[in-house]
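Student: Below is a structure I'd like to ask you about.
The values are calculated or read from the model by the stated rules, or taken from the named source; none is laboratory data. In this text the structure is predicted, and so the values were computed from the model without any measurement. Cβ atoms come from the backbone with ideal geometry, glycine included; neighbour counts cover every protein chain shown.
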Amino acid sequence: MAKLIDGKKISQQIKDELKEKAAALNAQGRTGALAVIQVGADPASSVYVRNKKNACAYIGIESLAYELPEETTEEELLKLIAELNEKTEVKGILVQLPLPAHICEDKVIQAISPSKDVDGFHPQSVGAMTIGEPGFLSCTPAGIIQLLKRSGVEIAGKHCVIIGRSNIVGKPMALLMLRENATVTVTHSKTRNLPEICRQADILIVAMGKPRFIGAEYIKEGAVVVDVGIHRDENNKLCGDVKFEEAEPAASAITPVPGGVGPMTIAMLMSNCVQSIEEG
């Protein structure tokens with residue numbers, strides 16, 4: 001029976017630690033706001049934005065909401081970001097993705113000042129992470145590292161297989177696991193013999209974006225399984241990329257969906273926000 005890695009509980013521990021840190025900074029007169037920009041009214045994005053605002057309120061960081069209509073032009077959005085870059089009280093800027101099709105996400109990410117890039121998506125942040133320099137870490141991969149460490153999972157010397165090579169999860173995840181002295185294999189849609197490679201993993205991190213795709217044939221007995229996926233199944237229930245009921249008997253530890261990786265992403269965003277106040 002696999003140990004359930006409780007992301008809700010661990011994210012709460014982190015938020016409580018950050019709340020204390022923010023209060024101590026506040027007592028020194030060091031404060032700052034997170035500017036959250038949402039373009040359009042995508043329901044999933046609205047939920048994420050609300051969760052981020054609630055987390056700010058809990059920790060004691062001010063959040064500024066910019067809810068822009070779907071038809072906002074790229075030029076208007078870039079102008080707003082430029083204004084926020086100049087505001088000293090704004091320590092972090094977050095643009096909720098995905099953006100409407102007429103706006104180039106790369107341009108928007110690159111417009112945010114690296115010193116306010118609390119999502120960790122700016123090329124400068126990614127470059128700093130690659131060479132081990134200080135900077136903001138991508139929130140989901142950083143959250144997974146915390147999940148493993150705080151659950152007592154040994155990373156050093158272990159073989160970690162990552163399914164997925166996105167800029168948001170797969171690639172930064174590989175870099176952070178290397179930083180923790182894991183041996184890392186990155187797989188993707190063109191990988192041959194995927195089940196065979198996955199069965200070599202001591203730690204299997206699944207971020208492929210396909211609901212309930214990974215079953216027992218991908219999992220080595222005793223492996224740790226981290227499911228990054230989040231979807232709605234045919235019954236409108238939340239599920240991940242992993243067939244939980246097949247993976248759980250084989251794994252030594254596993255993250256559930258919901259309640260695994262998801263809460264950690266917001267906890268690490270808050271960690272980046274507190275870091276931005278410390279450094280600002």
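Student: Output the qualifying pairs, or none if there are none: Cβ atoms under 6 angstrom, residues six or more apart or on different chains, first residue in the stretch 230-245 and under 17 Å from residue 206 (Cα atoms) and modelled with pLDDT of 95 or more, second residue among the aromatic types (Phe, Trp, Tyr) and in a strand (DSSP E or B).
Tutor: none
Student: Let me ask something additional. Please give the number of the condition residue 143 fails out of (1) among the small types (Gly, Ala, Ser); (2) under 19 Å from residue 269 (Cα atoms); (3) in a loop (DSSP other than H, G, I, E, B).
Tutor: Unmet for residue 143, out of (1) among the small types (Gly, Ala, Ser); (2) under 19 Å from residue 269 (Cα atoms); (3) in a loop (DSSP other than H, G, I, E, B): (3).
Student: Can I ask one more? Name every residue in the stretch 1-25 that is more than 24 Å from the chain's Cα centre (by Cα) and at pLDDT 95 or above, in order of residue number. Break it down stepwise before answering.
Tutor: First, pick out the residues of the stretch 1-25 that are more than 24 Å from the chain's Cα centre (by Cα): 1, 23-25.
Once the filter is applied, which keeps residues that are more than 24 Å from the chain's Cα centre (by Cα) and at pLDDT 95 or above, the stretch 1-25 yields 23, 24, 25.
Student: Is it true that some residue in the stretch 244-258 is polar (S, T, N, Q) and under 18 Å from residue 153 (Cβ atoms)?
Tutor: Just the residues of the stretch 244-258 that are polar (S, T, N, Q), to begin with: 252, 255.
Among the residues that remain, those that are also under 18 Å from residue 153 (Cβ atoms) are: 252, 255.
Within the stretch 244-258 (the criterion being polar (S, T, N, Q) and under 18 Å from residue 153 (Cβ atoms)), the answer is yes, since at least one residue qualifies.
Student: Just checking, does the stretch 123-142 include any residue being more than 18 Å from residue 173 (Cβ to Cβ) and either touching a Phe, Trp or Tyr at 6+ places or on another chain (Cβ under 9 Å) or buried (at least 20 other Cβ atoms within 10 Å of the Cβ) (or both)?
Tutor: Within the stretch 123-142, none of the residues are more than 18 Å from residue 173 (Cβ to Cβ) and either touching a Phe, Trp or Tyr at 6+ places or on another chain (Cβ under 9 Å) or buried (at least 20 other Cβ atoms within 10 Å of the Cβ) (or both).
Student: Just a yes or no: is a residue in the stretch 244-251 surrounded by 14 or more Cβ atoms within 10 Å (Cβ to Cβ), out of contact with any Asp or Glu (no Cβ under 9 Å at 6 or more places or on another chain), of a type outside the set (S, T, N, Q) and not in a loop (DSSP other than H, G, I, E, B)? Explain how you work it out, then say what you get.
Tutor: Just the residues of the stretch 244-251 that are surrounded by 14 or more Cβ atoms within 10 Å (Cβ to Cβ), to begin with: 244, 246-248, 250-251.
Cutting the leftovers down to out of contact with any Asp or Glu (no Cβ under 9 Å at 6 or more places or on another chain) gives us 248.
Checking the rest, the ones that are also of a type outside the set (S, T, N, Q) come to 248.
Restricting the remaining residues to those that are not in a loop (DSSP other than H, G, I, E, B) gives 248.
Taking every residue of the stretch 244-251 in turn, at least one turns out to be surrounded by 14 or more Cβ atoms within 10 Å (Cβ to Cβ), out of contact with any Asp or Glu (no Cβ under 9 Å at 6 or more places or on another chain), of a type outside the set (S, T, N, Q) and not in a loop (DSSP other than H, G, I, E, B).
Student: Sticking with this structure for a sec: Looking at the stretch 1-95, what helices (runs of 4 or more DSSP H) fall wholly within it and have at least 1 residues that are closer than 23 Å to residue 263 by Cα and not acidic (Asp, Glu)? Steps first, please.
Tutor: Numbers: elements: 7-27, 43-59, 74-86.
Answer list for the stretch 1-95: 7-27, 43-59.
Student: Among the candidates 208, 264, 268, 177, single out the residue that is assigned to a loop (DSSP other than H, G, I, E, B), of a type in the set (A, V, I, L, M, F, W, C) and either in contact with a Cys (Cβ under 7 Å, 6 or more places away or on another chain) or in contact (Cβ under 8 Å) with a residue 12 or more places away in the chain (or both). Please lay out each step first, then the result.
Tutor: Values: 264 fails: assigned to a loop (DSSP other than H, G, I, E, B); 268 fails: assigned to a loop (DSSP other than H, G, I, E, B); 177 fails: assigned to a loop (DSSP other than H, G, I, E, B).
It is 208.
Student: Checking residue 125 against (1) among the hydroxyl-bearing types (Ser, Thr, Tyr); (2) at pLDDT below 95; (3) assigned to a helix (DSSP H, G or I), which test does it fail?
Tutor: With respect to (1) among the hydroxyl-bearing types (Ser, Thr, Tyr); (2) at pLDDT below 95; (3) assigned to a helix (DSSP H, G or I), residue 125 is out only on (2).
Student: When you go through 24, 33 one by one, which is the residue that is more than 30 Å from residue 224 (Cβ to Cβ), surrounded by fewer than 17 Cβ atoms within 10 Å (Cβ to Cβ) and among the small types (Gly, Ala, Ser)?
Tutor: Details: 33 fails: surrounded by fewer than 17 Cβ atoms within 10 Å (Cβ to Cβ).
Only one candidate passes the filter, namely 24.
Student: Right, something else. Suppose we filter 116, 107 for residues that are touching a Leu at 6+ places or on another chain (Cβ under 9 Å) and over 21 Å from residue 275 (Cβ atoms); which single one remains? Show your work before the answer.
Tutor: Working: 116 fails: over 21 Å from residue 275 (Cβ atoms).
Going through 116, 107 in turn, just one is touching a Leu at 6+ places or on another chain (Cβ under 9 Å) and over 21 Å from residue 275 (Cβ atoms): 107.
Student: Quick one: would you say residue 86 is farther than 20 Å from residue 121 by Cα and charged (D, E, K, R)? If you could, list the steps in order and put the result at the bottom.
Tutor: Working: farther than 20 Å from residue 121 by Cα: no; charged (D, E, K, R): yes.
So residue 86 fails the test.
Student: Answer yes or no: is there a residue in the stretch 190-203 that is modelled with pLDDT under 95, more than 25 Å from residue 157 (Cβ to Cβ), surrounded by fewer than 22 Cβ atoms within 10 Å (Cβ to Cβ) and not acidic (Asp, Glu). I'd like the intermediate steps shown before the answer.
Tutor: Filtering the stretch 190-203 for residues modelled with pLDDT under 95 gives none.
Checked against the condition, which is being modelled with pLDDT under 95, more than 25 Å from residue 157 (Cβ to Cβ), surrounded by fewer than 22 Cβ atoms within 10 Å (Cβ to Cβ) and not acidic (Asp, Glu), the stretch 190-203 yields no hits at all.
Matching residues to (1) free of Cβ contacts under 8 Å to residues at least 40 places away in the same chain; (2) of a type outside the set (Gly, Ala, Ser); (3) within 30 Å of residue 183 (Cβ to Cβ):
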site: 67; (1), (2), (3): yes, yes, no
site: 84; (1), (2), (3): no, yes, no
site: 90; (1), (2), (3): no, yes, no
site: 107; (1), (2), (3): yes, yes, no
site: 117; (1), (2), (3): yes, yes, yes
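Student: Let me ask something else. Would you mind telling me which numbered condition in (1) part of a loop (DSSP other than H, G, I, E, B); (2) crowded, with 16+ Cβ neighbours inside 10 Å residue 102 fails?
Tutor: The one condition residue 102 does not meet is (2).
Student: Does the stretch 151-167 hold any residues that are closer than 22 Å to residue 119 by Cα and in contact (Cβ under 8 Å) with a residue 60 or more places away in the chain, and which are they?
Tutor: At the first step, the residues of the stretch 151-167 found to be closer than 22 Å to residue 119 by Cα are 162-167.
Within the stretch 151-167, 163, 164 meet the criteria.
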